[in-house]
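The values are calculated or read from the model by the stated rules, or taken from the named source; none is laboratory data. As the structure is a computational prediction, the values presented were derived from the model and not from experiment. Positions of Cβ are generated from backbone atoms using ideal geometry, with glycine treated the same way; all protein chains shown enter the neighbour counts. Side chains are part of the model used for accessible areas, which takes the heavy atoms of the whole protein and leaves out ligands, DNA and RNA. Shrake-Rupley method; radii C 1.70, N 1.55, O 1.52, S 1.80 Å.
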Amino acid sequence: MGKGQELYKKAKTLIPGGTMLLSKRPEMFLPEKWPSYFSKAKGCKVWDLDGNVFTDVSIMGIGTNILGYGHDEVDDAVMATVRNGNMSTLNCPEEVYLAERLIELHPWADMVRFARSGGEANAIAIRIARAASGRDKVAICGYHGWHDWYLSANLGDDKNLAGHLLPGLDPLGVPQNLKNTVLPFNYNDIEELQKLIKTNEIGVIKMEVSRNKGPEDNFLHKVRKLATDNNIVLIFDECTSGFRQTFGGLHKLYGVEPDMAMFGKALGNGYAITATIGKKSVMQAAQKSFISSTFWTERIGPTAGLKTLEVMERERSWETITSTGTEISTRWKALASHHNLKIGVSGLPALISFAFDSPNALAYKTLITQEMLKKGYLAGTSVYVSTTHVPSVLNPYFEELDKIFGLIKKCEEGLPVGTLLEGPVCHGGFKRLN
Ligand code: PMP
């Protein structure tokens with residue numbers, strides 16, 4: 001057992017759930033074998049605690065590092081901030097500059113609030129939108145973080161959120177009287193949303209612009225019209241989609257403007273900074289509610305955000321990662337057809353995933369992770385693409401993957417996949433750990 005697994009065993013006795021993020025639990029990748037902890041990360045390379053180095057062709061810090069890990073320019077800007085002081089009684093000017101910048105990129109918006117996590121940015125948006133609309137009920141589509149307001153959608157039926165990224169989220173500990181305040185609707189189902197609005201006093205619609213598939217039949221425009229006609233605050237959660245296909249929100253691609261939007265993940269290229277932006281008419285409601293937190297005022301976040309935007313703009317990173325992701329998708333499909341395997345590919349090009357069309361899908365994913373790890377890759381069935389995923393990284397990745405697809409073909413023809421797995425199958429969603 002490597003040092004990482006040993007430390008993780010200890011972690012589970014000290015930290016409930018082992019780690020603070022479900023998606024970084026080793027069980028989500030390769031139970032009992034995943035290196036689990038890093039000592040260093042640079043570009044798309046990650047070093048574990050045993051001195052092994054891996055190429056990350058997986059979740060890249062869960063989408064935080066579009067420019068790769070430890071980007072020199074961003075790090076230098078942060079380092080200068082560290083030397084000059086990260087905190088003081090006075091505020092940091094960078095937050096004003098970053099607010100200006102985000103509004104420049106989204107001219108429909110007038111004002112910005114900052115936070116340090118996506119869930120916080122979402123909770124801020126909900127508080128402001130409820131205050132502005134004067135109504136409590138929220139229609140949602142997508143994943144919007146861990147807070148009570150969101151998880152309450154699963155009160156009474158923990159399958160309500162099953163179609164929204166993470167199945168099986170348990171709302172234990174969320175007050176029962178929040179039941180029926182948050183009502184999910186399915187993406188591209190405008191009639192379902194219409195019905196929700198007709199039968200409930202909805203004040204807010206919050207949704208991801210696109211996650212696994214794009215809008216059909218003018219879905220986003222229709223949602224906008226419904227919101228406008230019914231005096232509902234429309235919020236696009238761009239925590240994940242932002243900066244992956246456009247320079248800013250994905251909604252710019254579709255020409256639909258919300259009343260508020262949130263950015264997270266990639267905004268600071270690995271440093272914690274998230275934003276809630278919105279129209280003045282809505283955002284001013286923040287003044288009437290109490291929304292305030294100490295570390296929302298630290299300086300590293302906005303420093304990293306400003307530098308990240310500068311580098312992204314110069315390199316047009318959203319174009320690079322979109323074309324790389326498109327190529328990855330094409331090559332996965334080519335491998336599958338070469339081995340006569342059925343896969344489905346989904347997601348934004350820069351956040352691309354595939355799944356085997358097989359009852360053994362999760363076991364095959366585990367097999368990929370197990371075998372790719374031996375070859376020096378952190379890999380599964382999805383890739384958050386970064387600008388460091390250049391051909392010299394991807395070509396050898398595909399050579400190795402080719403061989404594993406060959407193994408999977410043998411499994412489809414009768415070889416029990418269990419005979420190839422050296423540990424348990426990975427988890428596919430939320431589970432309580434022992
Ligand atoms: N909204 C969306 C769309 C997300 O994808 C995520 C994170 N996966 C969040 C909110 C929550 O962000 P965080 O994990 O930073 O709290």
Practice problem: Output the residues belonging to the stretch 143-155 that are within 12 Å of Leu183 (Cα to Cα) and in a loop (DSSP other than H, G, I, E, B). | Solution: Leu155
Quiz item: Can you find a residue in the stretch 259-268 that is on the phi > 0 side of the Ramachandran plot, open to solvent by less than 20 Å² (accessible area, probe 1.4 Å), in a loop (DSSP other than H, G, I, E, B) and touching a helix residue (DSSP H, G or I) at 6+ places or on another chain (Cβ under 8 Å)?
Solution: no
Exercise. Give the stretch 187-211 a look and list any residue that's surrounded by fewer than 15 Cβ atoms within 10 Å (Cβ to Cβ) and either under 20 Å from the mean Cα position of the chain (by Cα) or in contact (Cβ under 8 Å) with a residue 40 or more places away in the chain (or both), or say none.
Key: Glu201
Quiz prompt | Number of the exception - Val53 against (1) touching a Gly at 6+ places or on another chain (Cβ under 8 Å); (2) among the aliphatic types (A, V, I, L, M); (3) open to solvent by 60 Å² or more (accessible area, probe 1.4 Å); (4) under 26 Å from Gly145 (Cα atoms) | solution = (4)
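Would you point out which residue out of Asp189, Asp148, Asp217 is within 21 Å of Gly119 (Cβ to Cβ) and assigned by TED's automatic domain parsing to the domain that holds Gln287?
On the way: Asp189 fails: within 21 Å of Gly119 (Cβ to Cβ); Asp217 fails: within 21 Å of Gly119 (Cβ to Cβ).
Checking each option against the conditions leaves just Asp148.
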Quiz item: Which one of Thr228, Thr276, Thr240 is open to solvent by less than 10 Å² (accessible area, probe 1.4 Å) and either away from the ligand (no atom under 16 Å from the Cβ) or among the hydroxyl-bearing types (Ser, Thr, Tyr) (or both)?
Solution: Thr276
Exercise. Any chance you could count how many residues in the stretch 372-398 are open to solvent by 40 Å² or more (accessible area, probe 1.4 Å) and more than 22 Å from Thr322 (Cβ to Cβ)?
Key: 3
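Kindly indicate which of Lys225, Lys206, Lys198 is in the same structural domain as Ala162 (by TED's automatic domain parsing), part of a strand (DSSP E or B) and among the basic types (Lys, Arg). Quick ask: steps written out before the conclusion?
Numbers: Lys225 fails: part of a strand (DSSP E or B); Lys198 fails: part of a strand (DSSP E or B).
Exactly one of Lys225, Lys206, Lys198 is in the same structural domain as Ala162 (by TED's automatic domain parsing), part of a strand (DSSP E or B) and among the basic types (Lys, Arg), namely Lys206.
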Self-check item: Subset of the stretch 18-33 [open to solvent by 20 Å² or more (accessible area, probe 1.4 Å) and either outside the structural domain of Gly380 (by TED's automatic domain parsing) or assigned to a loop (DSSP other than H, G, I, E, B) (or both)]
Solution: Thr19, Met20, Leu21, Arg25, Phe29, Glu32, Lys33
Quiz item: Here are Val78, Val57, Val53, Val46: which of them is away from the ligand (no atom under 16 Å from the Cβ), in contact with a helix residue (DSSP H, G or I) (Cβ under 6 Å, 6 or more places away or on another chain), in the same structural domain as Ile368 (by TED's automatic domain parsing) and of a type in the set (A, V, I, L, M, F, W, C)?
Solution: Val57
Quiz item: If you scan the stretch 120-152, which residues turn out to be under 17 Å from Phe290 (Cα atoms), within 16 Å of the ligand (Cβ to nearest atom) and of a type in the set (Gly, Ala, Ser)?
Solution: Ala121, Ala123, Ala125, Ala129
Quiz item: Scanning for something open to solvent by 20 Å² or more (accessible area, probe 1.4 Å), without any contact (Cβ under 8 Å) to a residue 24 or more places away in the chain and aromatic (Phe, Trp, Tyr), does the stretch 296-307 turn up at least one residue?
Solution: no
Quiz item: Out of all the residues in the stretch 255-268, which are over 14 Å from Val233 (Cα atoms) and within 14 Å of the ligand (Cβ to nearest atom)?
Solution: Phe263, Gly264, Lys265, Ala266, Leu267, Gly268
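In a loop (DSSP other than H, G, I, E, B), surrounded by fewer than 21 Cβ atoms within 10 Å (Cβ to Cβ) and at pLDDT below 95: is that true of Met1 in this structure? Steps first, please.
Details: in a loop (DSSP other than H, G, I, E, B): yes; surrounded by fewer than 21 Cβ atoms within 10 Å (Cβ to Cβ): yes; at pLDDT below 95: yes.
Yes: the conditions hold for Met1.
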Practice problem: Scan the stretch 8-36 for residues that are closer than 20 Å to Glu422 by Cα, more than 16 Å from the ligand (Cβ to nearest atom) and not charged (D, E, K, R) and jot them down. | Solution: Tyr8, Pro26, Phe29, Leu30, Pro31, Trp34, Pro35, Ser36
